[in-house]
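Taken together, the values in this text are just the output of simple stated rules run on the coordinates, not laboratory data. A quick note: this is a predicted structure, and the numbers were derived from the prediction, not measured. Neighbour counts are summed over all protein chains in view; Cβ atoms, including those assigned to glycine, are modelled from backbone coordinates with ideal geometry.
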Amino acid sequence: MRQNNLSPKERAYLEGALQMENLCIAKCSVYADQCADHELKNMLFRITKDKRQHANIIKQELGKPEWQHQQ
């Protein structure tokens, strides 16, 4: 795990960005589960995957453990 010397302002910005990524992950997952159209469902799952990667990068910068997808 990386240790960063982030200013309080930088840390607050990253915490906010992480919250937004997590909200997007939750919403896209719910929408994908409700979709009947397979193309739209796959697009939402791809967005969810990308957002998880973004969230993990932010967590690395904040020194938090990454989210791991369970299969």
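For region 33-64, how many residues are over 11 Å from Leu18 (Cα atoms) and of a type in the set (Gly, Ala, Ser)?
Result for region 33-64: 2.
Name the residues in region 5-46 that are exposed (fewer than 15 other Cβ atoms within 10 Å of the Cβ), under 17 Å from Leu62 (Cβ atoms) and among the polar types (S, T, N, Q), would you?
Those that are exposed (fewer than 15 other Cβ atoms within 10 Å of the Cβ), under 17 Å from Leu62 (Cβ atoms) and among the polar types (S, T, N, Q): Asn5, Ser7, Gln19.
List pairs: first in region 18-41 and polar (S, T, N, Q), second assigned to a helix (DSSP H, G or I), Cβ under 9 Å, 6+ apart or cross-chain?
Every condition considered, the pairs that remain are Asn22/Lys51; Asn22/Ala55; Ser29/Leu44; Ser29/Phe45; Ser29/Thr48; Gln34/Lys41.
Take region 41-63 and flag every residue that is touching a helix residue (DSSP H, G or I) at 6+ places or on another chain (Cβ under 8 Å) and aliphatic (A, V, I, L, M).
Leu44, Ile47, Ala55, Ile58, Leu62, listed by residue number.
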